Amino acid sequence: MNTTPQASKEDVLHAFSAESNPNADTLASYLKRYPQYREALIDLSIELFTAPKFDEVAAEKVPNDKSKQAWSKFQSLLSPTDPASIASLSMDNPLSNLSEERFRELASELNVNRLFLSRLRDCSIQVATIPQRFLSAVAQALTVQLEGLTSALEAPPVVASGLRHKASGKPRAGDKITFEEALTSSALSEAQQAALREMKDE
Amino acid sequence: MVIPLKKTTQEGEPYQRRSEIEQALSALCGLLPGQLVERLTCTQQAVPFEVLIYFLRHTELELGSKHLEPIFCTFHERLEAALRKVVSEAWIEHAVAIREELSERIVEMIAKDRNSQEDKMYYWEVNFNDALSKLRTDVLRKYGPARKTDPMINARPLTEESGSGEEVSHEVDIAAAEFINPNPSKIDDIAFRSRLMDAINELPEDERRAVGLRWQGMPIESQDPEVESIAKALECTERTVRNRLKRAIEKLRVMLQAEELQ
């Protein structure tokens, strides 16, 4: 007894439409294999053949306000948990609201010390130099979206009052240090530094 | 790894994208977000629409607004450009409103798809052209040219077909070939092609099938039982096929000429 389930009409039509080249030869072979769906296959082949080829239009690259507007509309339609939604953009720095205890725990979870973590919290490290793997680990530990965390940390550095009053100039955004500088100047152990360096992007 | 389509066949197998789309996605999925954006927004080697849809609709990819925005804008600009060609002011009233309706519906569909975590837009990754074409047809039916002015309203009923006994010579074949392969620059023009394809879709069912199959290159008849022919596919005689082609071509001429005169 043949127990192979018979392909449904939907599956056959889908398979035909997913063919790279649904031409007369492809159609002929389908008609032979699935004579029971003859009419539907013929109609689909004609539909596909007569469908406009939207990809044929050359890509145009012009500044387009309509696309920007459409993007804003699109973002507003997304759920707040979506990493591309408007809500994700306005995320507060998730590191600055932690209790002292949680802050300590987090430092230990990430295998860093509190000085290093506070530099990260205060946006003192250039985000572009921080390995993605490390940022992902922080986002995961805080259960926030990576994108939101990244944009929060891209904010200008927070200058703790009284800390830099001796500096000759006013602190600026350019005062951010690189990830490597943060590694060597945060009193991290050799082992901690080595582990963090291993995370560096290619 | 490329995210498989969640929708499955009756046998539980996931539906597949076209192989060239799978290949393009595989090549892209190892890239860092910045590289990915650069590749997807490149205008020299534009990626297929299906690829853009993949990156727009799957939240699992975790692309945040910084990376998704340029991808979205590239998609939207290309969509607008394509719609300007196939829903043209030259031949449809309210073309601007119709294009806006289409574009807005698609944006809303993608957003809904992302929020629902279901797989409602899977076909857009399989065959974007067909999916958009169907949506375009729906919208045109609703907002497009009024049906009462449609020249096909006076089409001859099908029952006349075999009654007249009119002989159709092989000239129909030649006429069909000429019609089907007109001036290459004209048929390559996406706007003309689109009008022609729309006209074919407006034909009565039997004529549309005959023209549609002929256009795809299927022979009208064949002595070889192994070769599929239009007569076999439509289960009618060769003469009937020629009759239908003749009537269809005449109607298409009238429809397209009428449009060109406008």
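Taking A:S79 as the residue in question, decide whether it is more than 25 Å from the chain's Cα centre (by Cα) and either at pLDDT 85 or above or within 30 Å of A:L31 (Cβ to Cβ) (or both).
In short, no.
Just checking, which of A:L78, A:L110, A:L95 is open to solvent by less than 50 Å² (accessible area, probe 1.4 Å) and more than 16 Å from A:A139 (Cα to Cα)?
A:L78
Counting only residues that are in contact (Cβ under 8 Å) with a residue 12 or more places away in the chain and part of a helix (DSSP H, G or I), which one in region A:87-117 is farthest from the chain's Cα centre (by Cα)?
Selected residue: A:L115.
Looking only at region B:60-93, which residues are at the interface with chain A (Cβ under 7 Å from one of its Cβ atoms) and either touching a Cys at 6+ places or on another chain (Cβ under 9 Å) or β-branched (V, I, T) (or both)?
Residue satisfying the conditions is B:V86 alone.
Could you look through region B:214-238, keep only residues that are hydrophobic (A, V, I, L, M, F, W, C) and more than 7 Å from chain A (Cβ to nearest Cβ), and pick out the one that is farthest from A:D25 (Cα to Cα)?
Taking region B:214-238 and keeping what is hydrophobic (A, V, I, L, M, F, W, C), we get B:215, B:218, B:220, B:227, B:230-231, B:233-234, B:236.
Retained after the next criterion (residues that are more than 7 Å from chain A (Cβ to nearest Cβ)): B:220, B:227, B:230-231, B:234, B:236.
On the way: B:I220: 14, B:V227: 9, B:I230: 12, B:A231: 15, B:L234: 16, B:C236: 20 Å.
So the residue we want is B:C236.
Restricting attention to region A:119-145, and to residues there that are of a type in the set (G, A, S) and either touching a Pro at 6+ places or on another chain (Cβ under 8 Å) or in contact (Cβ under 8 Å) with a residue 12 or more places away in the chain (or both), which single residue is surrounded by the fewest Cβ atoms within 10 Å (Cβ to Cβ)?
First, pick out the residues of region A:119-145 that are of a type in the set (G, A, S): A:124, A:128, A:136-137, A:139, A:141.
Add one more test, that the residue is either touching a Pro at 6+ places or on another chain (Cβ under 8 Å) or in contact (Cβ under 8 Å) with a residue 12 or more places away in the chain (or both), and what stays is A:124, A:137, A:141.
Numbers: A:S124: 20, A:A137: 16, A:A141: 14.
Across region A:119-145, the extreme among qualifying residues is A:A141.
Take the conditions within 8 Å of chain B (Cβ to nearest Cβ) and modelled with pLDDT under 85 and apply them to A:F74. Does it pass?
Answer is no for this residue.
The values are calculated or read from the model by the stated rules, or taken from the named source; none is laboratory data. What you see is a predicted model; the values in this text were computed from it and never measured. Virtual Cβ from ideal backbone geometry, glycine too; neighbours counted across all protein chains shown. Areas reflect the complete protein model, heavy atoms only, side chains present, ligands, DNA and RNA absent. Shrake-Rupley method; radii C 1.70, N 1.55, O 1.52, S 1.80 Å.
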